[in-house]
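**Q** Once you've had a glance at the structure underneath, I'll fire off some questions.
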Amino acid sequence: MKRRQFIVQSLSASASMAVSPYFDRPTVLGLKKRKITILHTNDMHSHIDPFEEGRYKGLGGMAARAGAIDKIRGEEDNVLLLDSGDVFQGTPYFNMFGGKLELKLMSIMNYDATTIGNHEFDNGMDGLKYAMQFAKFPYLCSNYDFSKTNLAGEVQAYKIFKKGGIKVGVFGLGIELEGLVNAAMYGNTVYQDPISIAKEMVEDLRAKKCDLIVCLSHLGYKYRRPESPSDMRLAQEVSEIDVILGGHTHTFMKEPLLLTNDEGFTTIINQVGWAGINLGRIDISFTRNGKNVKSQGPIELTN
């Protein structure tokens with residue numbers, strides 16, 4: 001699809017890594033073999049168009065992303081498309097449309113869910129609520145308490161998706177806002193410890209017999225201070241999260257990290273940079289003997 005045609009379509013609507021058999025949760029009962037493909041993005045920062053100059057010249061752009069997603073959907077039966085936050089802020093498109101264009105384009109691409117990054121608050125709570133109406137997919141965040149804000153009841157802690165008989169539980173985690181975001185922008189939003197909340201989410205999703213648990217994290221990959229909440233710390237301290245799809249630190253990972261914690265559970269962690277330059281892909285096959293993971297690394301989007 002041509003870039004201009006893709007953007008106009010949205011606006012007019014408003015007027016290989018080696019296979020690793022590391023998973024130990026029981027496989028889906030009654031299935032000889034099933035596969036799910038997880039596609040993911042993070043920190044798009046309102047980059048609708050590809051870069052026209054500089055280090056990333058010719059890379060990125062929503063039209064190129066849509067084409068790559070359509071191609072994969074044509075090849076795979078069960079595809080889950082997820083985003084890890086900071087969709088907003090970074091180009092004049094956000095200043096002009098306040099996030100509406102970004103979310104309408106993501107809706108055209110049939111995203112399944114996103115989480116809330118710190119830049120989603122850049123137009124305040126009213127601005128976020130306004131933009132969210134254009135998303136035809138849920139916002140998932142379990143550690144922000146919006147009960148005393150205008151977003152009460154608008155954000156889900158988690159959602160369970162069923163793809164080809166596979167139950168995938170997806171939940172979101174947001175970074176601490178104090179000191180990072182102007183307090184007037186997030187109002188009465190209450191931040192809760194993501195590590196303890198993640199343990200609750202895992203317990204709930206296991207009780208609902210999810211075959212796969214995925215976290216959309218906007219905590220950041222890792223920090224010099226090990227006590228800071230991060231994807232690395234999350235995987236080390238919370239077992240039973242199969243996949244952590246990260247954001248916030250704009251980390252370009254050449255391939256996902258497989259981290260085995262002290263309890264012996266292995267979590268796959270991935271993040272694909274920023275500005276929509278890459279599309280992440282993780283394939284998980286379910287067999288009678290367990291689950292296998294395969295990733296080809298980031299898919300660079302070129303025009």
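Read-outs throughout are calculated quantities, based only on the coordinates presented, and are distinct from any laboratory measurement. Keep in mind it's a predicted model, so treat the numbers as computed, not measured. Cβ coordinates were reconstructed from backbone atoms using ideal geometry, including for glycine residues, and neighbour counts include every protein chain displayed.
**Q** Which order results if V170, V190, V155 are arranged by neighbouring Cβ count within 10 Å, fewest first?
**A** Taking fewest neighbouring Cβ atoms as first place, the list is V190, V155, V170.
**Q** Could you list D83, D204, D70 so that the one with the fewest beta carbons within 10 Å of its beta carbon is first and the one with the most is last? Display every interim value, and only then the final one.
**A** On the way: D83 28, D204 17, D70 13.
So the residues, fewest neighbours to most, are D70, D204, D83.
**Q** Next question, about the same structure. Exactly which trypsin sites (Lys or Arg not before Pro) in region 158-238 are in a DSSP loop and have at most 12 other Cβ atoms within 10 Å?
**A** Here the trypsin sites (Lys or Arg not before Pro) that fit, given the DSSP loop and packing criteria, are K208, K209, R224.
**Q** To continue, here is another question. Trypsin sites (Lys or Arg not before Pro), restricted to region 241-303: which are DSSP loop and have at most 14 other Cβ atoms within 10 Å?
**A** K254, R288
**Q** Counting other beta carbons within 10 Å of each Cβ, put D211, D43, D283 in order, fewest first. Show your work: numbers first, answer last.
**A** On the way: D211 25, D43 28, D283 19.
Sorted ascending by nearby Cβ count, the order is D283, D211, D43.
**Q** For region 252-269 and region 100-132, what is the separation of their C-alpha centers, rounded to whole Å?
**A** That distance is 29 Å.
**Q** Note the full-extension length gain between A183 and K208 as 0.36 nm times their separation in residues minus their Cα-Cα distance, in nm to one decimal. Don't jump to the answer; show the numbers that get you there.
**A** Working: separation 25, 0.36 × 25 = 9.00 nm, distance 3.62 nm.
This chain segment gains 5.4 nm when fully extended.
**Q** To continue, here is another question. Treat each spin label as a single point 7 Å out from the Cα along the C-beta direction, and report the A152 to E255 distance in nm.
**A** Label at A152, label at E255, 5.0 nm between them.
**Q** A follow-up question, please. What is the calculated FRET efficiency for T266 to Y191, with r their C-beta to C-beta distance and R₀ = 30 Å, to the nearest 0.05?
**A** Between T266 and Y191 the formula returns 0.55.
**Q** Counting helices only, and only those DSSP H runs with n ≥ 4, report the 222 nm mean residue ellipticity of the chain as the sum of -39,500 (n - 2.57) divided by its residues, in deg cm²/dmol to the nearest 500.
**A** My calculation for the chain gives -7000 deg cm²/dmol from helical runs alone.
**Q** Past 21 Å, Cα to Cα: identify those pairs from K209/K254; K163/K291; K208/K291; K35/K162; K159/K208; K35/K163, in the order given.
**A** Numbers: K209/K254 32 Å; K163/K291 15 Å; K208/K291 19 Å; K35/K162 12 Å; K159/K208 11 Å; K35/K163 9 Å.
The pairs that break the limit, which is 21 Å between Cα atoms, are K209/K254.
**Q** Could you give each residue of region 45-57 its phi-based ³J(HN,Hα) in whole Hz, using Karplus coefficients 6.51, -1.76, 1.60 with θ = phi - 60°, and x for Gly or Pro?
**A** Residue by residue, region 45-57 yields 6, 6, 7, 6, 9, x, 5, 9, 7, x, 4, 9, 3 Hz.
**Q** For region 183-274, state which GluC sites (Glu not before Pro) are in a DSSP loop and have at most 12 other beta carbons lying within 10 Å of their beta carbon.
**A** E227, E263
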